[in-house]
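Structure record follows, encoded as structure tokens.
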Amino acid sequence: MDMIWLALSVLAWGFLHSLFASLGFKEVVRRRFGRWVDRYYRLIYNLFASLSFGLILVLAVLTPDRTLYSVPMPWLIPLVIGQGLAVVALVVGFLQSHPMAFLGIRQLGPKLEESQPLTIAGLYHYVRHPLYTAGLAFIWLIPLMTERLLAINLALTVYVIVGAFLEERKLVREYGQEYLRYISNTPMFIPFLKGNKPAHNSSQ
């Protein structure tokens, strides 16, 4: 039961994370407080997401746990290498995704830009969501799996997959045909796998 509550807490965090990132919610906030809020929204959003996930980590520490498996040598080596490559991909992908705007710092400057150019180069040439791909690879390659870690991993995986589809609906609204062309040429999560792309329809 403790693991279920932990997983539900992660899913609730993911729901709020996606809700606050949606164009509809930001429009509601803009109408309530004015367009000046756009300058601070991304930074506040990131701070809220980080602090609220920190609370989940505290809950995880307080949750009883037991080991499910521990990968021994020499099978441990490829897992650690894979995690190292995932960390490299996370760093590279972050640097290729307008990092100052991603953090909400660029928006604090004298000129507020409506949107950032669509990034389709670097790792984004191979998958549309390299940060999600690298993040999922990292958490599932952890060689020591416990009950609470499994609960967190499963919930995060559900959130990432659902959140990515919701994010793509927002990106289609923001970039239009440019993003639809990007979808038609680039897999969603797995490089070189053309099948992991959603169908092109009006719901996007």
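Checking each residue in the stretch 147-170 for being among the charged types (D, E, K, R), farther than 14 Å from Leu6 by Cα and touching a residue at least 60 places away in the same chain (Cβ under 8 Å) picks out Glu167, Lys170.
Residues that are among the basic types (Lys, Arg) and crowded, with 16+ Cβ neighbours inside 10 Å within the stretch 111-166 comprise Arg128, Arg148, listed in sequence order.
Each row is one residue, and each column tells you yes or no for (1) at pLDDT below 95; (2) among the β-branched types (Val, Ile, Thr); (3) within 27 Å of Gln116 (Cβ to Cβ).
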{"residue": "Ala134", "(1), (2), (3)": "no, no, yes"}
{"residue": "Ala155", "(1), (2), (3)": "no, no, no"}
{"residue": "Asn185", "(1), (2), (3)": "yes, no, yes"}
{"residue": "Asn196", "(1), (2), (3)": "yes, no, yes"}
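Among the residues of the stretch 68-86, write down those that are touching a Pro at 6+ places or on another chain (Cβ under 7 Å) and among the polar types (S, T, N, Q). Within the stretch 68-86, Ser70 is the sole residue that qualifies. What's the total number of residues in the stretch 125-161 that are of a type in the set (Phe, Trp, Tyr) and closer than 16 Å to Leu79 by Cα? The total comes to 2. Count of the stretch 87-146 residues, restricted to those that are among the polar types (S, T, N, Q) and free of Cβ contacts under 8 Å to residues at least 24 places away in the same chain, is 2. Of the residues examined, Tyr41 is one that is within 25 Å of Gly176 (Cα to Cα) and in contact (Cβ under 8 Å) with a residue 40 or more places away in the chain. In this entry, Arg35 passes the filter for residues that are at pLDDT below 95, more than 17 Å from Ile139 (Cα to Cα), among the charged types (D, E, K, R) and loosely packed, with under 12 Cβ neighbours inside 10 Å.
The values are calculated or read from the model by the stated rules, or taken from the named source; none is laboratory data. The model shown is predicted, which means the values in this text are computed figures rather than measured ones. Methodologically, a virtual Cβ is constructed for each residue, glycine included, from the backbone with ideal geometry; neighbour enumeration extends over all protein chains shown.
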